[in-house]
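Asks: One structure is given below, represented as structure tokens, and several questions about it will come after.
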Amino acid sequence: MSGEFESVPDEILIGGCWKRGTGPAGEVIDPGTGAVLQVMTQATADDVDTAVALGAAAVADPAWRDLLPHQRARYLHRIADAIERSAERLALLQSYNTGKTLAETRGLVASAAGTFRYFAAVLETADEDLTTQRGNYLTMSVREPIGVVGAIAPWNSPVASDAQKIAPALAAGNAVVLKPAEWTPLVSLALARIIDEAGLPSGLLSVLPGRGSVVGDAIVNHPGIGKVTFTGGTRTGRMVAHAAAEKLMPVSLELGGKSPTIVLADADVEQAVSGIMYGIFSSTGQSCIAGSRLFVDRRIYGDFLARLVEKTARLRVGPGREPGTQVAPMVHAEHRDSVARYVDLARAEGGRILCGGGIPDDDRLRDGAYYLPTVIDGLTNDSRTCQEEIFGPVLVALPFDGEDDLLAQANDSVFGLAAGIWTADYRRAWRLARRLQAGTVWINTYKQFSISTPFGGVKESGLGVEKGRAGIAAYSRQKSIYLGLDDQPNPWAD
């Protein structure tokens with residue numbers, strides 16, 4: 001295996017000050033071994049109060065408030081440079097904390113650095129609008145910071161998700177109070193220390209690990225928080241949206257998915273098989289955009305599924321820091337057990353387990369949170385297994401007959417986050433892509449991302465977008481300004 005675990009200081013960042021949390025201690029587990037990596041104290045609602053107050057003061061300070069966009073960009077560039085200098089340490093830390101392969105965590109760290117660099121570039125080229133003149137006055141539209149933003153990040157890709165919230169919020173001129181997931185606080189705290197040491201003005205970033213029911217609730221309901229960005233489960237997202245509605249506060253929600261991947265009869269079989277496996281089994285299926293429902297043209301269904309099962313059964317399951325591992329452990333034994341219950345449900349619903357369907361029979365892996373990549377068929381799209389998000393390495397395959405049948409099944413879901421299409425016919429792919437109810441559609445690829453391209457979901461998969469130029473707009477308020485040109489602009493009173 002690669003690299004030894006390096007603990008992080010048992011301190012949280014509260015408005016520029018590093019100190020022990022005032023909340024209870026929590027164990028951080030290595031999901032590959034089940035061993036305790038370290039014990040970390042957590043934050044409390046009082047820590048949230050302090051962080052919000054210090055954040056509001058930092059936003060109002062002329063030293064930050066009056067910076068021009070290109071001057072804020074300098075901070076983001078310095079942060080990106082600092083992330084790149086610490087890339088291997090961050091990647092190794094995330095692999096220990098989440099179980100992910102080092103190949104994946106290195107990619108996530110590179111993505112985080114790229115996110116800060118992209119939003120710095122957007123600031124360098126940001127224009128405000130001189131709107132069309134409709135009278136003897138000039139009209140313009142400007143954007144201003146919201147103030148203090150609450151950011152609640154998921155456990156499945158903390159460093160990249162943290163960056164996608166922190167970078168655009170800072171770029172727009174805000175302060176950020178970040179709550180990392182309870183299971184995976186280490187890399188978020190390490191990233192915070194890198195950002196702090198890169199010279200970001202004190203108070204603009206706080207990182208408060210802890211329970212969602214304590215720290216998360218305090219952030220969402222705090223009167224000083226002007227916006228919340230949340231990535232996580234749909235049920236929690238509803239509660240966040242509820243609180244936001246009570247406060248009349250803007251909110252961005254990236255929630256669950258049950259994404260369809262579609263194989264048409266003319267698809268390149270080997271490319272499609274490899275792409276589908278990557279879409280569901282990379283990250284051990286712990287991805288909101290995982291292609292967990294597979295629809296295959298009935299004319300090729302049997303042969304295609306046989307090839308898919310053959311290759312899936314050969315995937316290498318093992319520790320994330322072991323070279324050659326393709327399917328690493330899940331983030332926590334509790335989550336692994338939840339996935340196992342869904343596979344048991346599939347059996348009860350009449351599903352056939354074509355491969356996987358259990359914990360690996362390998363003494364080396366017995367203490368970790370491992371689960372075999374699993375392919376199931378024999379179910380209908382209205383089964384619970386096909387309708388509910390499993391968030392693990394579980395793929396359900398279904399045949400379809402013609403486009404109307406395909407679209408009826410693929411769109412029959414409360415979710416609408418992503419979809420994939422495999423075909424040689426780009427005209428047909430375009431037609432299907434426009435009719436699929438999803439925020440992102442991949443054609444002859446899957447699970448590829450660009451920070452320059454907006455990302456979001458429809459239906460119960462979320463509200464708003466992240467990434468792209470819209471990513472900064474989502475963290476700002478729009479203001480219109482009128483500049484009168486008449487010597488006597490309002491003669492009515494004369």
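The values are calculated or read from the model by the stated rules, or taken from the named source; none is laboratory data. What you see is a predicted model, and the numbers here were worked out from it, not measured in a lab. Here Cβ is always computed from backbone atoms with ideal geometry, including for glycine, and neighbour counts include all displayed protein chains.
Asks: Which residue is farthest from Leu305 (Cα to Cα), if the candidates are limited to the range 234-277 and must be touching a helix residue (DSSP H, G or I) at 6+ places or on another chain (Cβ under 9 Å) and acidic (Asp, Glu)?
Replies: Top of the filtered list is Glu246.
So that you can scan it fast, the table gives a plain yes or no per residue for (1) surrounded by fewer than 20 Cβ atoms within 10 Å (Cβ to Cβ); (2) hydrophobic (A, V, I, L, M, F, W, C):
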position	(1), (2)
Phe295	no, yes
Arg298	yes, no
Gly302	yes, no
Thr312	no, no
His335	no, no
Leu365	yes, yes
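Asks: What pairs come up if the first residue lies in the range 187-208 and is in the same structural domain as Leu102 (by TED's automatic domain parsing), the second is at pLDDT below 95 and part of a helix (DSSP H, G or I), and their beta carbons are under 7 Å apart, counting only those six or more places apart or on different chains?
Replies: Matching pairs, first to second residue: Val187/Pro158; Ser188/Pro158.
Asks: Would you point out which residue out of Ala408, Ala424, Ala369 is of a type in the set (A, V, I, L, M, F, W, C), surrounded by fewer than 18 Cβ atoms within 10 Å (Cβ to Cβ) and part of a loop (DSSP other than H, G, I, E, B)?
Replies: Ala424
Asks: Here's something else I'd like to know. Inspect the range 104-112 for any residue being under 23 Å from the mean Cα position of the chain (by Cα) and closer than 28 Å to Ala218 by Cα and give the result as yes or no.
Replies: yes
Asks: Could you please tell me which pairs satisfy a Cβ distance under 7 Å, a separation of 6+ or placement on different chains, a first residue in the range 265-281 that is outside any helix (DSSP H, G or I), and a second residue that is exposed (fewer than 14 other Cβ atoms within 10 Å of the Cβ) and among the charged types (D, E, K, R)?
Replies: That search, which allows pairs on different chains as well, returns Ala265/Arg299.
Asks: Right, another one. Looking only at residues in the range 372-393 that are among the hydrophobic types (A, V, I, L, M, F, W, C) and in a loop (DSSP other than H, G, I, E, B), which one is surrounded by the fewest Cβ atoms within 10 Å (Cβ to Cβ)?
Replies: Leu379
Asks: Need a quick list: helices (runs of 4 or more DSSP H) entirely within the range 149-260 having at least 3 residues that are modelled with pLDDT of 95 or more, of a type in the set (A, V, I, L, M, F, W, C) and under 28 Å from Glu388 (Cβ atoms).
Replies: 234-247
Asks: Now for a separate question. Tell me, which residue of the range 333-366 that is in a loop (DSSP other than H, G, I, E, B) and in contact with a Ser or Thr (Cβ under 9 Å, 6 or more places away or on another chain) is farthest from Glu310 (Cα to Cα)? Even if it seems obvious, please write down each step before you answer.
Replies: Let us first name the residues in the range 333-366 that are in a loop (DSSP other than H, G, I, E, B), namely 349-351, 356-362, 366.
After this cut, where a residue has to be in contact with a Ser or Thr (Cβ under 9 Å, 6 or more places away or on another chain) as well, the list is 349-351, 356-358.
Working: Glu349: 24, Gly350: 22, Gly351: 18, Gly356: 11, Gly357: 15, Gly358: 17 Å.
Checking each candidate, the answer is Glu349.
Asks: Follow-up question, since we're still on this one. Can you confirm whether Arg434 is touching a residue at least 24 places away in the same chain (Cβ under 8 Å), outside the structural domain of Ala172 (by TED's automatic domain parsing) and basic (Lys, Arg)? Spell out how you get there, then give the answer.
Replies: Numbers: touching a residue at least 24 places away in the same chain (Cβ under 8 Å): no; outside the structural domain of Ala172 (by TED's automatic domain parsing): yes; basic (Lys, Arg): yes.
No; evaluated as a whole, the condition is false for this residue.
Asks: Can I ask one more? How many residues does the range 14-34 hold that are of a type in the set (A, V, I, L, M) and modelled with pLDDT under 95?
Replies: The number of residues fulfilling the criteria is 1.
Condition check ((1) surrounded by fewer than 16 Cβ atoms within 10 Å (Cβ to Cβ); (2) within 18 Å of Tyr301 (Cα to Cα)) across all residues:
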position: Pro399; (1), (2): no, yes
position: Phe415; (1), (2): no, no
position: Phe449; (1), (2): yes, no
position: Thr453; (1), (2): yes, no
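Asks: Could I ask something else about it? Can you tell me which residues in the range 62-106 are surrounded by 15 or more Cβ atoms within 10 Å (Cβ to Cβ) and outside any helix (DSSP H, G or I)?
Replies: Leu67, Ser86, Gly99, Lys100, Thr101 - these are the residues of the range 62-106 that are surrounded by 15 or more Cβ atoms within 10 Å (Cβ to Cβ) and outside any helix (DSSP H, G or I).
Asks: Evaluate the range 154-165: report whether one residue or more is out of contact with any strand residue (DSSP E or B) (no Cβ under 8 Å at 6 or more places or on another chain) and aromatic (Phe, Trp, Tyr).
Replies: Yes, some residue in the range 154-165 is out of contact with any strand residue (DSSP E or B) (no Cβ under 8 Å at 6 or more places or on another chain) and aromatic (Phe, Trp, Tyr).
Asks: Do the conditions hold for Ile472, that is, is it out of contact with any Asp or Glu (no Cβ under 8 Å at 6 or more places or on another chain), surrounded by 14 or more Cβ atoms within 10 Å (Cβ to Cβ) and farther than 24 Å from Thr231 by Cα?
Replies: On the way: out of contact with any Asp or Glu (no Cβ under 8 Å at 6 or more places or on another chain): yes; surrounded by 14 or more Cβ atoms within 10 Å (Cβ to Cβ): yes; farther than 24 Å from Thr231 by Cα: no.
No.
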